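**Q** One structure, as C-alpha coordinates, below. Some questions next.
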Amino acid sequence: MAAAGGESSSQNTSDELFQHFISEVKQIEKRDSVLTSKQQIDRLLRPGSSYFNLNPFEVLQIDPDATDDELKKRFRALSILVHPDKNQDDPDRAQKAFEAVDKAYKLLLDPEQKKRALDVIHAGAEYVEHMVKEKKKQLKKEGKLLDVEEDDPEVFKQAVYKQTMKLFAELEIKRKEREAKEMHERKRAREEEIEAADKAKREREWQKNFEETRDGRVDSWRTFQAKGKKSKEKKNRSFLKPPKVKMEQRE
(Lines give C-alpha, C1' and ligand atoms only; values in the text may rest on other atoms or scores of the structure.)
Protein backbone atom coordinates (compact mmCIF):
# COMPACT_ATOMS: atom_id res chain seq x y z
CA MET A 1 0.00 0.00 0.00
CA ALA A 2 2.83 2.35 0.93
CA ALA A 3 4.58 1.56 -2.33
CA ALA A 4 1.40 2.29 -4.23
CA GLY A 5 1.09 5.62 -2.40
CA GLY A 6 4.73 6.43 -3.28
CA GLU A 7 4.11 5.64 -6.94
CA SER A 8 0.99 7.82 -6.93
CA SER A 9 2.91 10.72 -5.37
CA SER A 10 5.71 10.34 -7.93
CA GLN A 11 3.17 10.26 -10.75
CA ASN A 12 1.49 13.42 -9.43
CA THR A 13 4.87 15.19 -9.28
CA SER A 14 5.62 14.19 -12.87
CA ASP A 15 2.19 15.39 -13.97
CA GLU A 16 2.73 18.71 -12.23
CA LEU A 17 6.14 19.16 -13.89
CA PHE A 18 4.67 18.30 -17.26
CA GLN A 19 1.78 20.70 -16.80
CA HIS A 20 4.23 23.39 -15.68
CA PHE A 21 6.28 22.76 -18.81
CA ILE A 22 3.20 22.98 -21.04
CA SER A 23 2.15 26.18 -19.30
CA GLU A 24 5.63 27.65 -19.83
CA VAL A 25 5.55 26.66 -23.49
CA LYS A 26 2.21 28.38 -23.94
CA GLN A 27 3.51 31.52 -22.23
CA ILE A 28 6.56 31.52 -24.50
CA GLU A 29 4.44 31.08 -27.61
CA LYS A 30 2.10 33.88 -26.48
CA ARG A 31 5.01 36.24 -25.70
CA ASP A 32 6.65 35.57 -29.05
CA SER A 33 3.44 35.50 -31.06
CA VAL A 34 4.65 38.56 -33.00
CA LEU A 35 7.39 36.33 -34.44
CA THR A 36 5.97 33.08 -35.70
CA SER A 37 7.92 29.90 -36.08
CA LYS A 38 8.06 30.38 -39.84
CA GLN A 39 9.31 33.96 -39.46
CA GLN A 40 12.07 32.85 -37.11
CA ILE A 41 13.13 30.05 -39.45
CA ASP A 42 13.15 32.49 -42.37
CA ARG A 43 15.21 34.94 -40.33
CA LEU A 44 17.78 32.33 -39.34
CA LEU A 45 18.07 30.93 -42.87
CA ARG A 46 17.86 34.18 -44.87
CA PRO A 47 20.42 34.83 -47.62
CA GLY A 48 23.77 35.56 -46.03
CA SER A 49 22.81 33.73 -42.84
CA SER A 50 26.19 31.98 -42.77
CA TYR A 51 27.64 35.39 -41.88
CA PHE A 52 24.67 36.92 -40.03
CA ASN A 53 24.59 33.93 -37.71
CA LEU A 54 28.23 34.43 -36.71
CA ASN A 55 26.95 36.82 -34.05
CA PRO A 56 25.40 34.59 -31.38
CA PHE A 57 23.57 37.51 -29.79
CA GLU A 58 21.96 38.28 -33.15
CA VAL A 59 20.93 34.64 -33.58
CA LEU A 60 19.23 34.56 -30.19
CA GLN A 61 18.00 38.17 -30.46
CA ILE A 62 19.29 38.96 -27.02
CA ASP A 63 21.16 41.91 -25.58
CA PRO A 64 24.91 41.34 -25.05
CA ASP A 65 24.46 42.46 -21.44
CA ALA A 66 21.80 39.84 -20.76
CA THR A 67 22.25 37.64 -17.71
CA ASP A 68 22.82 33.89 -17.92
CA ASP A 69 19.25 33.33 -16.73
CA GLU A 70 17.89 35.59 -19.48
CA LEU A 71 20.08 33.79 -21.99
CA LYS A 72 18.72 30.41 -20.90
CA LYS A 73 15.11 31.58 -21.10
CA ARG A 74 15.62 33.11 -24.52
CA PHE A 75 17.23 29.92 -25.80
CA ARG A 76 14.32 27.83 -24.58
CA ALA A 77 11.80 30.20 -26.15
CA LEU A 78 13.50 30.33 -29.52
CA SER A 79 14.43 26.65 -29.67
CA ILE A 80 10.79 25.73 -29.06
CA LEU A 81 9.64 28.02 -31.86
CA VAL A 82 11.98 26.55 -34.48
CA HIS A 83 12.09 22.95 -33.25
CA PRO A 84 11.44 20.42 -36.07
CA ASP A 85 8.69 18.75 -34.01
CA LYS A 86 6.78 22.04 -34.02
CA ASN A 87 7.38 22.62 -37.73
CA GLN A 88 6.56 19.27 -39.28
CA ASP A 89 5.48 20.98 -42.49
CA ASP A 90 9.09 22.11 -43.00
CA PRO A 91 11.27 19.85 -40.83
CA ASP A 92 14.52 20.19 -42.82
CA ARG A 93 14.67 23.99 -42.64
CA ALA A 94 13.48 23.88 -39.04
CA GLN A 95 16.33 21.51 -38.17
CA LYS A 96 18.89 23.91 -39.68
CA ALA A 97 17.37 26.84 -37.80
CA PHE A 98 17.37 24.84 -34.57
CA GLU A 99 21.03 23.93 -35.06
CA ALA A 100 21.89 27.63 -35.53
CA VAL A 101 20.11 28.50 -32.28
CA ASP A 102 21.71 25.60 -30.41
CA LYS A 103 25.20 26.53 -31.71
CA ALA A 104 24.79 30.17 -30.65
CA TYR A 105 23.60 29.16 -27.19
CA LYS A 106 26.46 26.73 -26.61
CA LEU A 107 28.95 29.33 -27.80
CA LEU A 108 27.67 31.83 -25.25
CA LEU A 109 27.88 29.21 -22.52
CA ASP A 110 31.65 29.12 -23.10
CA PRO A 111 33.15 32.12 -21.22
CA GLU A 112 36.07 32.44 -23.62
CA GLN A 113 33.90 32.29 -26.74
CA LYS A 114 31.41 34.70 -25.22
CA LYS A 115 34.21 37.16 -24.44
CA ARG A 116 35.43 37.01 -28.03
CA ALA A 117 31.94 37.76 -29.32
CA LEU A 118 31.59 40.67 -26.88
CA ASP A 119 34.99 42.00 -27.94
CA VAL A 120 33.83 42.09 -31.56
CA ILE A 121 30.63 43.93 -30.61
CA HIS A 122 32.54 46.44 -28.50
CA ALA A 123 35.03 46.94 -31.34
CA GLY A 124 32.12 47.64 -33.69
CA ALA A 125 30.67 50.25 -31.31
CA GLU A 126 34.05 51.89 -30.77
CA TYR A 127 34.61 52.12 -34.52
CA VAL A 128 31.25 53.84 -35.09
CA GLU A 129 31.91 56.23 -32.17
CA HIS A 130 35.27 57.08 -33.70
CA MET A 131 33.69 57.74 -37.10
CA VAL A 132 31.07 59.98 -35.49
CA LYS A 133 33.80 62.01 -33.78
CA GLU A 134 35.69 62.32 -37.06
CA LYS A 135 32.56 63.52 -38.84
CA LYS A 136 31.88 66.16 -36.18
CA LYS A 137 35.51 67.23 -36.24
CA GLN A 138 35.23 67.80 -39.98
CA LEU A 139 31.94 69.69 -39.60
CA LYS A 140 33.50 71.91 -36.95
CA LYS A 141 36.44 72.59 -39.22
CA GLU A 142 34.01 73.63 -41.95
CA GLY A 143 32.06 75.82 -39.55
CA LYS A 144 28.88 73.76 -39.82
CA LEU A 145 26.44 72.45 -37.22
CA LEU A 146 27.73 69.39 -35.43
CA ASP A 147 24.75 67.28 -36.36
CA VAL A 148 25.22 63.79 -37.81
CA GLU A 149 22.68 61.11 -38.55
CA GLU A 150 24.24 58.80 -35.96
CA ASP A 151 22.99 61.16 -33.25
CA ASP A 152 19.72 59.31 -33.69
CA PRO A 153 19.99 56.30 -31.33
CA GLU A 154 18.31 54.01 -33.86
CA VAL A 155 20.66 55.05 -36.67
CA PHE A 156 23.64 54.65 -34.34
CA LYS A 157 22.40 51.19 -33.37
CA GLN A 158 22.04 50.19 -37.01
CA ALA A 159 25.54 51.51 -37.79
CA VAL A 160 26.98 49.46 -34.93
CA TYR A 161 25.02 46.42 -36.13
CA LYS A 162 26.41 46.72 -39.66
CA GLN A 163 29.96 47.29 -38.47
CA THR A 164 29.71 44.38 -36.06
CA MET A 165 28.46 42.07 -38.81
CA LYS A 166 31.34 43.24 -41.00
CA LEU A 167 33.87 42.47 -38.26
CA PHE A 168 32.38 39.02 -37.63
CA ALA A 169 32.51 38.31 -41.37
CA GLU A 170 36.13 39.48 -41.68
CA LEU A 171 37.16 37.33 -38.73
CA GLU A 172 35.40 34.32 -40.24
CA ILE A 173 37.08 34.86 -43.61
CA LYS A 174 40.47 35.09 -41.89
CA ARG A 175 39.69 31.96 -39.88
CA LYS A 176 38.80 30.05 -43.04
CA GLU A 177 41.94 31.30 -44.80
CA ARG A 178 44.07 30.28 -41.82
CA GLU A 179 42.33 26.91 -41.69
CA ALA A 180 42.86 26.38 -45.44
CA LYS A 181 46.52 27.32 -45.09
CA GLU A 182 47.02 24.96 -42.16
CA MET A 183 45.25 22.19 -44.07
CA HIS A 184 47.48 22.81 -47.09
CA GLU A 185 50.58 22.71 -44.90
CA ARG A 186 49.42 19.50 -43.23
CA LYS A 187 48.73 17.98 -46.65
CA ARG A 188 52.14 19.01 -47.95
CA ALA A 189 53.86 17.69 -44.83
CA ARG A 190 51.96 14.43 -45.20
CA GLU A 191 52.93 14.14 -48.87
CA GLU A 192 56.57 14.78 -47.99
CA GLU A 193 56.34 12.20 -45.22
CA ILE A 194 54.86 9.63 -47.62
CA GLU A 195 57.49 10.44 -50.26
CA ALA A 196 60.29 10.06 -47.70
CA ALA A 197 58.82 6.75 -46.50
CA ASP A 198 58.55 5.46 -50.08
CA LYS A 199 62.13 6.51 -50.80
CA ALA A 200 63.38 4.77 -47.66
CA LYS A 201 61.38 1.68 -48.60
CA ARG A 202 62.88 1.62 -52.10
CA GLU A 203 66.38 2.01 -50.67
CA ARG A 204 65.79 -0.83 -48.21
CA GLU A 205 64.46 -3.06 -50.98
CA TRP A 206 67.40 -2.20 -53.22
CA GLN A 207 69.87 -2.93 -50.42
CA LYS A 208 68.10 -6.19 -49.61
CA ASN A 209 68.14 -7.23 -53.26
CA PHE A 210 71.77 -6.21 -53.53
CA GLU A 211 72.71 -8.35 -50.52
CA GLU A 212 70.66 -11.32 -51.70
CA THR A 213 72.20 -11.33 -55.18
CA ARG A 214 75.80 -10.58 -54.12
CA ASP A 215 76.93 -14.22 -54.04
CA GLY A 216 75.42 -14.80 -57.44
CA ARG A 217 77.17 -11.77 -58.85
CA VAL A 218 80.50 -12.89 -57.36
CA ASP A 219 80.12 -16.42 -58.80
CA SER A 220 79.20 -14.99 -62.20
CA TRP A 221 82.22 -12.71 -62.13
CA ARG A 222 84.54 -15.57 -61.15
CA THR A 223 83.07 -17.75 -63.88
CA PHE A 224 83.50 -14.95 -66.36
CA GLN A 225 87.10 -14.44 -65.28
CA ALA A 226 87.84 -18.16 -65.47
CA LYS A 227 86.40 -18.44 -68.97
CA GLY A 228 88.36 -15.39 -70.05
CA LYS A 229 91.60 -16.87 -68.73
CA LYS A 230 91.09 -20.19 -70.48
CA SER A 231 90.19 -18.47 -73.71
CA LYS A 232 93.33 -16.35 -73.49
CA GLU A 233 95.56 -19.38 -72.85
CA LYS A 234 94.05 -21.21 -75.77
CA LYS A 235 94.52 -18.24 -78.01
CA ASN A 236 98.10 -17.87 -76.94
CA ARG A 237 98.79 -21.54 -77.68
CA SER A 238 97.36 -21.27 -81.15
CA PHE A 239 99.87 -18.60 -82.00
CA LEU A 240 102.89 -20.69 -80.89
CA LYS A 241 104.28 -22.08 -84.17
CA PRO A 242 107.14 -24.59 -84.23
CA PRO A 243 110.48 -23.17 -85.36
CA LYS A 244 111.37 -23.69 -88.98
CA VAL A 245 114.01 -26.30 -89.57
CA LYS A 246 116.72 -25.08 -91.88
CA MET A 247 117.57 -27.67 -94.41
CA GLU A 248 121.29 -28.40 -94.91
CA GLN A 249 122.57 -28.34 -98.42
CA ARG A 250 124.99 -31.08 -99.45
CA GLU A 251 127.76 -30.38 -101.83
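The values are calculated or read from the model by the stated rules, or taken from the named source; none is laboratory data. Since this is a predicted model, take the numbers as computed values, not measurements. Here the Cβ is made from the backbone with ideal geometry for all residues, glycine too, and neighbour counts use every protein chain on show. Calculation scope for accessible area: heavy atoms of the full protein, side chains included, ligands and nucleic acids excluded. Shrake-Rupley method; radii C 1.70, N 1.55, O 1.52, S 1.80 Å.
**Q** Largest first and in whole Å, what are the equivalent-ellipsoid semi-axes of the range 38-156 based on the Cα gyration tensor, each being the root of 5 times an eigenvalue? Intermediate results must be reported in sequence, preceding the final value.
**A** Working: eigenvalues 266, 56, 26 Å².
Semi-axes from the Cα gyration tensor: 36, 17, 11 Å.
**Q** Can you pull the accessible area of Thr164 for me, 1.4 Å probe, Å² to the nearest 10?
**A** 10
**Q** Right, something else. Consider just the alpha-carbon atoms of the range 98-210 and return their Rg together with their Dmax, both in angstrom.
**A** 26.6, 92
**Q** Contour minus end-to-end for Asp102 and Tyr51, with contour as 0.36 nm per residue of separation and end-to-end as the Cα-Cα distance?
**A** 16.7 nm
**Q** Using only alpha carbon pairs under 8 Å that are at least six residues apart, calculate the relative contact order of the range 87-209 and give it in whole percent.
**A** Normalised by residue count, the contact order of the range 87-209 is 20 percent.
**Q** Sticking with this structure for a sec: Which pairs in the list Lys38/Lys115; Lys137/Lys162; Lys86/Lys114; Lys86/Lys106 are over 27 Å apart, alpha-carbon to alpha-carbon?
**A** Values: Lys38/Lys115 31 Å; Lys137/Lys162 23 Å; Lys86/Lys114 29 Å; Lys86/Lys106 22 Å.
Exceeds cut-off: Lys38/Lys115; Lys86/Lys114.
**Q** So how compact is the range 140-192: Cα radius of gyration and Dmax in angstrom?
**A** 21.4, 66
**Q** Let me ask something else. Separation between the Lys86 and Glu129 pseudo-spin-labels, each 7 Å from Cα along Cα→Cβ, expressed in nm?
**A** 3.7
**Q** Relative contact order, percent, of the range 33-124 when contacts are C-alpha pairs under 8 Å separated by at least 6 residues?
**A** 31
**Q** Further question: Multiply the residue gap between Thr67 and Arg186 by 0.36 nm, knock off their C-alpha separation, and tell me the result in nm, one decimal place.
**A** 38.7 nm
**Q** Could you compute the FRET efficiency for Leu118 and Lys141, with r as their C-beta to C-beta distance and R0 at 35 Å, rounded to 0.05? Let's see the in-between values first.
**A** On the way: r = 35 Å, r/R0 = 0.99.
So the FRET efficiency works out to roughly 0.50.
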